[in-house]
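In what follows, a single structure is set out as structure tokens and then discussed.
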Amino acid sequence: MTTERFTVATPFLPYHPALIQAVFGSVQSATATGFALNPEVRSMIGMAQGVLSKPANGFVGGELGRVVSLDMVYDQIVVDLQPQDRQEIESLPGQLPDYRELDGRVLKALYLLQAVPWIAVTAEMLAHALLRDVRTENAGTLHDEIGDSLKRLQAARYVVPKEDGVWEFLTGAKKSFEEEVAGVTVRQFERRRAARAALGEVLRPVGKLNYRDGLRSFDVIVRGDGQELQSGRDITLEVYSPLYAEFEETFNLEDLEQIGSFSHPNTVYWIAAESPDLANHLTRAIRLDAVLDKWRPKPSKTDEDRETIREKETELSTRQGKIETALRVALTNGMIVWNGRAEELDGRTTTLNPIFNRHVSQVVPYVYPKFDTV
């Protein structure tokens with residue numbers, strides 16, 4: 001057998017052997033200790049022989065081009081895995097509405113891959129891991145089918161999306177946590193309250209007006225979504241978040257520009273642009289916070305419970321950062337209205353204070369006429 005012939009005939013994609021070994025070194029076993037499978041005991045040769053000799057996998061008497069997919073590896077080592085995890089996957093056909101064979105394959109591959117810390121389990125990664133025939137299957141088509149499968153699994157709370165297209169199969173404490181998260185009802189007023197709180201954090205850098213490069217400074221009243229956030233006098237900055245502009249019944253941009261701003265020449269209005277992801281970030285953060293409040297005081301916690309709490313606290317912190325970033329971007333792409341004039345911001349100024357100083361400074365001569373001639 002030459003190197004060229006072996007390369008053509010091998011039923012493993014180039015990176016699969018190393019990937020499978022990494023899985024063996026990370027996935028939890030069904031032993032009392034729960035330690036990872038021993039790669040020395042669970043040998044690659046034994047696994048390969050088992051997978052290739054199983055008639056259902058189609059290698060015996062099959063054509064060249066057939067390759068080992070990760071769900072085949074799962075089926076070969078399933079007896080060594082945690083029984084509760086096996087049961088979760090085996091019960092899928094009876095639990096998932098509109099179940100398809102690919103759903104089970106996706107769950108098996110996801111379960112193994114997520115055990116390896118340095119692997120980002122995306123739909124693209126799963127498509128490569130589940131490819132069975134390099135001649136007849138198209139990775140792009142399989143990728144799309146896996147995306148649909150992940151949506152079905154997510155709807156049934158078997159998996160959850162994480163950052164950057166990464167997916168996670170839920171088992172044990174994580175599954176219990178996410179089931180509680182899904183059961184939390186978030187009302188519109190809660191989202192708006194959370195948005196206002198985040199807006200207060202975003203607007204902390206503004207409020208002290210540096211007029212004409214330090215000629216004079218002024219403490220400006222800063223209001224966010226109808227509530228005072230910072231105290232001051234005479235001059236007001238009224239800021240509206242995307243949720244306020246969308247859901248506040250009394251808010252009307254045309255009326256504000258053509259009527260309201262004329263009536264309050266000492267007030268600059270800053271209206272944030274739309275932010276498509278903001279509501280989803282707020283909803284997830286509110287739900288996480290509600291469930292964490294119940295889990296943290298539990299008197300008896302398992303190691304898995306503690307790990308779940310730590311992970312979800314990290315996610316909550318990240319999500320709050322995303323909320324503030326979304327608000328900041330919405331403001332730098334929003335609109336300034338003052339005294340009947342409206343100016344759309346282009347987002348090129350990415351910090352809030354320069355925008356604040358530039359637009360609020362124009363109010364000073366109207367409020368303090370002595371500065372008009374300076």
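The values are calculated or read from the model by the stated rules, or taken from the named source; none is laboratory data. Bear in mind that the values here come from a model prediction, so they are computed numbers and not experimental data. Glycine also receives a Cβ, built like all others from the backbone with ideal geometry; neighbour counts cover every protein chain displayed.
Table for the structure above
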quantity: Odd one out for V68 among (1) within 30 Å of E179 (Cα to Cα); (2) in a loop (DSSP other than H, G, I, E, B); (3) modelled with pLDDT of 90 or more; calculated: (1)
quantity: Filter result for the condition that a residue is within 18 Å of the chain's Cα centre (by Cα), modelled with pLDDT under 95 and either of a type outside the set (D, E, K, R) or under 26 Å from L331 (Cα atoms) (or both), over L170, L209; calculated: L170
quantity: Among the candidates R152, R132, R157, R191, residue that is free of Cβ contacts under 8 Å to residues at least 60 places away in the same chain and at negative phi; calculated: R152
quantity: Options T349, T325, T314, T318; residue that is assigned to a loop (DSSP other than H, G, I, E, B), surrounded by fewer than 18 Cβ atoms within 10 Å (Cβ to Cβ) and either among the β-branched types (V, I, T) or not assigned by TED's automatic domain parsing to the domain that holds K298 (or both); calculated: T349
quantity: In the stretch 293-310, the residues that are surrounded by 11 or more Cβ atoms within 10 Å (Cβ to Cβ), without any contact (Cβ under 8 Å) to a residue 60 or more places away in the chain and in a helix (DSSP H, G or I); calculated: R306, I309
quantity: Positions within the stretch 262-285 being within 21 Å of L352 (Cα to Cα), polar (S, T, N, Q) and out of contact with any Leu (no Cβ under 8 Å at 6 or more places or on another chain), in sequence order; calculated: N266
quantity: Output for the stretch 181-212, where each listed residue is of a type in the set (K, R) and assigned to a loop (DSSP other than H, G, I, E, B); calculated: R187, R204, R212
quantity: Test: residue in the stretch 83-104 that is buried (at least 21 other Cβ atoms within 10 Å of the Cβ) and either closer than 18 Å to P17 by Cα or not assigned by TED's automatic domain parsing to the domain that holds A156 (or both); calculated: no
quantity: Contacts under 6 angstrom Cβ, first residue in the stretch 66-80 being farther than 19 Å from T10 by Cα, partner part of a loop (DSSP other than H, G, I, E, B) and of a type outside the set (G, A, S), 6 or more apart; calculated: D80/L37
